[in-house]
Amino acid sequence: MKKTILIVYTGGTIGMSKSIDGYTPQLTSFIEQLNSIQELHAACMPNWDIQAMEPLLDSSNVSVEEWNAIAQIVADNYDAYDGFVILHGTDTMAYTASALSFMLENNSKPVIFTGSQIPLCEVRNDARDNLITALLIASNADIHEVCLYFGGKLLRGNRAIKFSANDLIAFMSPNYPPLADVGMDIRYHMTSLLNKANGEFHLQKLKKIPIGVIKVFPGIQFDLFESIMTQSLKGIVIETFGAGNIPASGASLLPLIQRAFEHGTLVTVTSQCPHGSVALGAYETSSGLKKAGAISGYDMTTEACVAKLYYLFSKDLPMYQIKELMEEDLRGELTKSY
């Protein structure tokens, strides 16, 4: 029996058309282009419907409100479809995929993000293959998670990062292998996939929690950030050097972290290195962070850390539990090292 997939069109390059002001999302022309692709109506393809968000957005304008809207569309149609393809701009696709991986609790269906670097309206584009393949993947009942398909690779959504603004292979997953490689065939790596969730599907919407990101750089003056370390800031992600290191001049950061934690702000440490894991305390330059109350993001991406903080704080959990869960693997987003 043919599967039926819901395409959720949020905007982004894939459906844009030329205008006097440059490329802009155009719903009518995009649907016309989809209907003209014979392969989308081939016997081997799943049936599909399309639902567009209003308004259509460049992904640089996507935020928590849009994450909630996209997730709500999936939740409202969860029982009616076998899988979902989310068409999304590339700039923040990894953030949105990470967010939905947490928001869609006990998800047991494929939710596949994709898009393109070149619009479908252009003669030479990557949109057509990305869309066709994403639809085929979304009809695979062995996938029970939020994924990102792009340029021949199926990645776990909360493990993906955008690493190229120009190449057609725009995403990578530095700390977790691809879930599938696409060439002549779609080769799934079954041992890398998440198991089917137990429990009833539930949508956890996100609140607009104040969260910040600080990237450490040589010569950084941490005392300049004291003004933002207030009680209103709930979570902060610090991108450190290597395995969680800060410069010796960062001693001024430690009392800020300690005070922030006392005020209810959770500080999570990630690495600026795309590959590898944070190991707080492994070096003298990181031991102070751990003593001050910061927690390890291990090998999580910054995108996943931000999304996870939004998710856990939106559940109104006590601080000690949020702190514990940030260091636990909830959706395959981290590999815990000891």
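Some points to look at:
- Working from label points 7 Å from Cα in the Cα-to-Cβ sense, the E327 to I214 distance is 2.0 nm.
- Of all accessible heavy-atom area on the range 175-324, the percent that carbon and sulfur account for (1.4 Å): 54
- Within-12-Å neighbourhood charge of H275 [Cβ basis; K, R +1; D, E -1]: 0
- In Å, descending, principal axis extents of the Cα set of the range 26-78: 38, 26, 15
- The range 99-173, accessible surface, carbon-and-sulfur percent (1.4 angstrom probe): 50
- Length gained when the stretch E105-E54 is fully extended (0.36 nm per residue, less Cα-Cα span): 15.9 nm
- Accessible area (Å², per residue) of the range 106-245, counting only protein heavy atoms and a probe of 1.4 Å: 46
- Peptide ranges 303-309, 80-86, 2-8 listed from the most packed, as the mean C-beta count within 10 angstrom indicates: 303-309, 80-86, 2-8
- Label-to-label distance, nm, for residues given as N166 and K2 (7 Å Cα→Cβ offset): 4.2
- Bridge orientation summary for the chain: considering DSSP beta bridges with both residues in this region, about 35 percent are antiparallel.
- Note on H202 and K336: their simple-model spin labels are 2.1 nm apart, each label 7 Å out from Cα toward Cβ.
The values are calculated or read from the model by the stated rules, or taken from the named source; none is laboratory data. These numbers come from a predicted model, not from an experiment. Counting neighbours? That spans all protein chains shown, and the Cβs are built from the backbone with ideal geometry, glycine included. With ligands, DNA and RNA removed, areas are computed over all heavy atoms of the protein, side chains included. Shrake-Rupley method; radii C 1.70, N 1.55, O 1.52, S 1.80 Å.
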